1. Would you check if residue 55 is loosely packed, with under 13 Cβ neighbours inside 10 Å and assigned to a loop (DSSP other than H, G, I, E, B)?
2. Out of all the residues in segment 25-48, which are over 11 Å from the mean Cα position of the chain (by Cα) and exposed (fewer than 14 other Cβ atoms within 10 Å of the Cβ)?
3. Looking at (1) in a helix (DSSP H, G or I); (2) at pLDDT 55 or above; (3) loosely packed, with under 10 Cβ neighbours inside 10 Å, find the lone condition where residue 9 falls short.
């Protein structure tokens with residue numbers, strides 16, 4: 001019984017310190033912008049819509065070019081509709 005009391009006391013002391021932080025630590029957070037297709041480093045978010053549904057995808061320069069090339073024949077013959085003026089523009093993170 002005495003052993004269990006000691007274990008509980010150690011657990012409580014290590015989880016919730018009574019007076020502020022027990023140990024001061026430096027912390028660094030790194031955020032990577034990742035291409036949703038192949039996992040490489042993305043350079044921006046591409047927004048587009050199809051069948052009245054808006055989409056966004058994070059892409060590298062290479063995959064952005066591939067998407068634009070694949071859609072080019074359709075965009076060339078399409079007419080602009082209302083809504084966002086430059087929906088195909090790449091939004092680059094700051």
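The values are calculated or read from the model by the stated rules, or taken from the named source; none is laboratory data. Keep in mind that what you see is a predicted model, and the values were worked out from it rather than measured. When we count neighbours, we look across all protein chains shown, and the Cβ atoms used for this are built from the backbone with ideal geometry, even at glycine.
1. no
2. 25, 26, 27, 28, 29, 30, 38, 39, 40, 41, listed by residue number.
3. Result: residue 9 passes all but (3).
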